[in-house]
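Take a look at the structure below.
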Amino acid sequence: MCILVKKVYLAIFNHLTLVHHLGTVPTSGKVEKNETIQVAGNYGYIDFEIEGLSKTNVLNINETLTPEKVEFINTGWKGYTLPTEILPTDITWKSSNDAVFTVNESGVISAQGKGTAKLTATLGDCTKEYTIKVEKELQSISLPPNESLYVGNTITLEVTYNPEDIDPENKKPTWSSSNNNVAQVDSNGKVTAISAGTTEIKAVVDGKEATCLVTVAYDPALAIIKFDKEKAEMSLNESTELTIIKGADSNSNITWKVRSLTDISKEYEITDREITKYIQVEETENNKTVEITVNYCEDNNNKYQVIAYKDNQYYGVFNITVNVPLEQLQILGSTIGMRISSAYSDPDTDYKTTIDYTNENLRKFELKVGYIPSCATFEEKGNVKWTIENQNIIRQNEDGSFTILRGGMTYITAQVGEYKSKLRVTIINDNEHKLKGDVNYDGKVTLYDALQILKQAILKGNLSEDELYIMDYDDNGKVTLFDALKFLQKAIIG
């Protein structure tokens, strides 16, 4: 304890003997600042505490910590009124290492660099000491994106910190499970699988979050019922028979269910239309055999399970992978106002769209691909490569979107693996960039342009307003040999 006397008020002393004092005690009984008194032969001890500081304090670099207030503690004298509140500026503050943190005269601590140092606070002849630990600021955390467990098994998830040299002892995650009926997680990140299904395990550190999708299934090795096969790859409308070879004498008391692996928490009776439109399971005359037929597959999912239960107990599982070939690659517009249709009249084009250049909302647009059927399975699915035939009209941006540069017509091709689909894009009403004779909108009149105009003059095909404007040299409302010769002359002479 420390002898700290600052404006101590004597409440009752007329029956006490004042043995010794430093300074003068006025008739009010007030002891002057920084004086020590002895009453009835015993010294009184007064200590202090600083609110807002712990024995060990952890800060991020550039973070500050400000003491809230200083309070006295009367540990010896009775009958005395404690001093009024002391300000942090009455304390002498000191850092043992300014490279780790600095402290000003008001006790405000400013974290400077990673490390650990001591803070001392001195008042009178009493000194308090605190530990200040400075770390780099946590930017993010991550978990494995997916984990799979069998019922009853466990796994311990570990958080990865960014930056990597964060001290995990001072950054303990808070764990939670979105579905405790499927899997539970304790304070150390240990996940215990409870029942079949999916759940999201979340870790939170200093407001930063990371999740891991945990899939729980029954262990086929523990199944009592054994089938004549464990799995099969099947095509649409294909059937296969599944026969019990061990664990049950017949289908008696056996319940057959089907589960889609997109959501294994949901299981359907074989009579439920919700699932039988995809996978159909029918009992046969042989009471140990069922016939399984693949009717259709869900979007972006081609994996299913047929499960056998007896007396509501798990007995066996049969895994199905549906292989569906891609029939058509589809180009779709994902920008509002963009309309894409099939180009039946053009044998070299799958889809077409027309965009009005004056519609500024469509001068930047996005495309995406669709798959027919949507559950088609192939290795390159999702890896789309786009090519543009005339990049003077449209260019592709770094973010994958497209920007219209000028009017005209060009083709955009989407390719996924060996599959391709072509979109014809026509940009109309571009009065800013029209150049007479420039049929392909490359900014100049060439022999190619002149030949196209000559072809039009001979064949007399249907033209849009933009096309007529480009090809009609003398603006008489039609394309003639005169127009073709004039543009041919321009292409040669310039």
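The values are calculated or read from the model by the stated rules, or taken from the named source; none is laboratory data. Values in this document were obtained by computation on a predicted structure and should not be read as measured data. So basically every Cβ, Gly included, is an ideal-geometry build from the backbone, and we count neighbours across all protein chains shown. For the accessible areas, the whole protein counts, side chains as well, though only heavy atoms, and no ligand, DNA or RNA atoms are used. Shrake-Rupley method; radii C 1.70, N 1.55, O 1.52, S 1.80 Å.
Couple of notes before you dig in:
- Per residue solvent-accessible surface (Å²) - region 360-401, probe of 1.4 Å: 62 Å²
- P(r), alpha carbons of region 126-262 - 5 Å bins starting at zero, rounded %: 2, 8, 14, 14, 11, 11, 10, 8, 6, 5, 4, 2, 1, 1, 1, 1, 0, 0
- Distance between modelled label sites at Y150 and T131, nm, 7 Å Cα→Cβ extension: 4.5 nm
- Point-to-point label distance, F482-D356, nm (Cα→Cβ direction, 7 Å offset): 3.4 nm
- Two-site FRET efficiency, N181 against T56, from Cβ-Cβ distance with R₀ of 45 Å, rounded to 0.05: 0.70
- Residue separation of N319 and Q489 scaled by 0.36 nm, minus their Cα-Cα distance, works out to 54.0 nm of gained length.
- Beyond 27 Å in Cα-Cα separation lie the following of the pairs K55/K172; K455/K490; K303/K381; K190/K381; K190/K257: K190/K381; K190/K257.
- Cα-projected label distance for D228 with S345, points at 7 Å along beta-carbon direction, nm: 5.8 nm
- FRET E, pair T211, L236, Förster distance 30 Å, beta-carbon r, rounded to 0.05: 0.30
- Full extension of the chain between I388 and E282 yields a length gain of 33.1 nm, computed as 0.36 nm times the residue separation minus the alpha carbon distance.
- Within straight-line reach of K94, meaning a Cα separation under 12 Å, sit the following aspartates and glutamates at least 8 residues removed in sequence or on another chain: E105, E129.
- Applying both filters, DSSP loop and at most 14 other Cβ atoms within 10 Å, to the GluC sites (Glu not before Pro) of region 126-213 gives E137, E158, E164.
- Listed by chain and number, the aspartates and glutamates whose alpha-carbon sits under 17 Å from that of K171, ignoring those within fewer than 8 places in the same chain, are E63, E135, E137, E158, D186, D206, E209.
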